[in-house]
1. Could you give me the residue pairs with C-beta distances under 8 Å whose first residue belongs to region 220-240 and is within 17 Å of residue 202 (Cβ to Cβ), whose second residue is part of a loop (DSSP other than H, G, I, E, B) and open to solvent by 80 Å² or more (accessible area, probe 1.4 Å) wherever it lies, and which are 6+ apart or on separate chains?
2. Which of the residues spanning region 127-159 are under 15 Å from residue 96 (Cα atoms) and either touching a strand residue (DSSP E or B) at 6+ places or on another chain (Cβ under 7 Å) or more than 9 Å from the ligand (Cβ to nearest atom) (or both)?
3. Every residue in region 5-44 that is more than 13 Å from the ligand (Cβ to nearest atom), in contact with a Lys or Arg (Cβ under 8 Å, 6 or more places away or on another chain) and not in a helix (DSSP H, G or I), please.
4. Where the second residue is open to solvent by 30 Å² or more (accessible area, probe 1.4 Å) and within 13 Å of the ligand (Cβ to nearest atom) and the first is on the phi < 0 side of the Ramachandran plot and acidic (Asp, Glu) and lies in region 59-83, which pairs have Cβ atoms under 7 Å and are six or more apart or on separate chains?
5. Can you tell me how many residues within region 217-250 are assigned to a loop (DSSP other than H, G, I, E, B), small (Gly, Ala, Ser) and either away from the ligand (no atom under 16 Å from the Cβ) or open to solvent by 50 Å² or more (accessible area, probe 1.4 Å) (or both)?
6. Could you check how many residues of region 134-164 are without any contact (Cβ under 8 Å) to a residue 60 or more places away in the chain, in contact with a Lys or Arg (Cβ under 9 Å, 6 or more places away or on another chain) and not hydroxyl-bearing (Ser, Thr, Tyr)?
7. Can you confirm whether residue 136 is open to solvent by less than 10 Å² (accessible area, probe 1.4 Å) and of a type outside the set (Ser, Thr, Tyr)?
8. Regarding residue 171, is this residue within 19 Å of the chain's Cα centre (by Cα), at pLDDT 95 or above, exposed (fewer than 15 other Cβ atoms within 10 Å of the Cβ) and not in a loop (DSSP other than H, G, I, E, B)?
Amino acid sequence: MSDPKNILITGASRGIGQAIARQAAQQGWSIGLNYNQSQTEAMSLAEELRQMGAKVICLQADVSQQSHVKRMFSEFDEALGPLHALINNAGILASIMITDVDETNVHRLYSANVFSAYYCAREAVLRMSTAHGGSGGAIVNMSSVASRLGGLAGGSAYAGTKGALDSFNLALAKEVGTQGIRVNAIRPGLIATEIHNVHGGIDQMKILAKTAVPMGRSGTPEEVAKVAMWLAGPEASYVHGSIVDVAGGR
Ligand code: NDP
């Protein structure tokens, strides 16, 4: 990449977000590394990326809360300057049978997985849009194959949040396409991260992947990260409003 570029990655302390941050550092981006609870992991990743020569700032924020998101973007502005890409990656998985749904558990899931994307995209568009004085940029939303497969039993709320993200992705692409901002989403399949601790952990997930995934294996966070950074970068200059499955054929 010729010019230095600045990217904000939500949920970058662990899993797929952590791999995206590593990929971004390798490509020469300056990074706003958001975390919520995993401060130790975030600090240690930031140190690793700085050793690689990247400029990195750690940004603690619960992105399901609007006030946190506004503060996070202000801190990003101050530390790194103009924003060029946002990866809406933060998310949680929960298994909630329909008879166990209540105001708290279903709101928590939608706040973390959907409302967070709206709050972060709003701040990003206000900074990147040519209609607001910005120089353009890219937004990548982390959906899931659950949006079209429905997930496992108990997955209706999680799958619903990812279906909402798919629609959000398409609609936002229409809204900001002429303002220099490309908007795309990724639907990962079974990827080996701690998110699967909700239902048996990575080992159980890998057993499921042998039969459920046409390629016969789960994916790695790095395999998702490469696609995310391709979508965020100039090589994907005419890719817009797309949803890319990274799911081993599932
Ligand atoms: P992990 O559980 O490994 O990591 C989740 C990350 O999201 C952590 O860094 C966590 O931060 C962060 N996070 C969660 N809630 C918030 C919040 N409210 N505010 C800020 N950060 C938050 O999950 P994955 O890496 O597997 O998942 C990343 C994304 O990919 C999610 O959106 C998930 O739905 C999606 N996905 C994952 C799949 C998989 O198989 N792994 C499949 C399909 C989609 P912290 O620990 O600091 O609190």
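1. Listed pairs, sorted by first residue: none to list.
2. Going through region 127-159, the residues under 15 Å from residue 96 (Cα atoms) turn out to be 146, 150-159.
Those that are under 15 Å from residue 96 (Cα atoms) and either touching a strand residue (DSSP E or B) at 6+ places or on another chain (Cβ under 7 Å) or more than 9 Å from the ligand (Cβ to nearest atom) (or both): 150, 151, 152, 153, 154, 155, 156, 157, 159.
3. Listed by number, the residues that qualify are 28, 29, 30, 31.
4. As it stands, the answer is 62/36; 62/68, since those pairs meet every condition given.
5. Start the filter on region 217-250 by keeping residues that are assigned to a loop (DSSP other than H, G, I, E, B), which leaves 217-218, 220, 233, 237-242, 247-250.
Applying the additional criterion that residues be small (Gly, Ala, Ser) yields 218, 233, 237, 241-242, 247-249.
Filter once more, keeping what is either away from the ligand (no atom under 16 Å from the Cβ) or open to solvent by 50 Å² or more (accessible area, probe 1.4 Å) (or both): 233, 237, 241-242, 249.
Adding up the residues that qualify gives 5.
6. Residues meeting the conditions: 10.
7. Working: open to solvent by less than 10 Å² (accessible area, probe 1.4 Å): yes; of a type outside the set (Ser, Thr, Tyr): yes.
Against the criterion (open to solvent by less than 10 Å² (accessible area, probe 1.4 Å) and of a type outside the set (Ser, Thr, Tyr)), residue 136 qualifies.
8. Working: within 19 Å of the chain's Cα centre (by Cα): yes; at pLDDT 95 or above: yes; exposed (fewer than 15 other Cβ atoms within 10 Å of the Cβ): yes; not in a loop (DSSP other than H, G, I, E, B): yes.
For residue 171, the condition - within 19 Å of the chain's Cα centre (by Cα), at pLDDT 95 or above, exposed (fewer than 15 other Cβ atoms within 10 Å of the Cβ) and not in a loop (DSSP other than H, G, I, E, B) - is met.
The values are calculated or read from the model by the stated rules, or taken from the named source; none is laboratory data. The model shown is predicted, which means the values in this text are computed figures rather than measured ones. For neighbour counting, all protein chains shown are included, and Cβ atoms are generated from backbone atoms with ideal geometry for every residue, glycine included. What goes into the accessible areas is simple: the full protein's heavy atoms, side chains included, and nothing from ligands, DNA or RNA. Shrake-Rupley method; radii C 1.70, N 1.55, O 1.52, S 1.80 Å.
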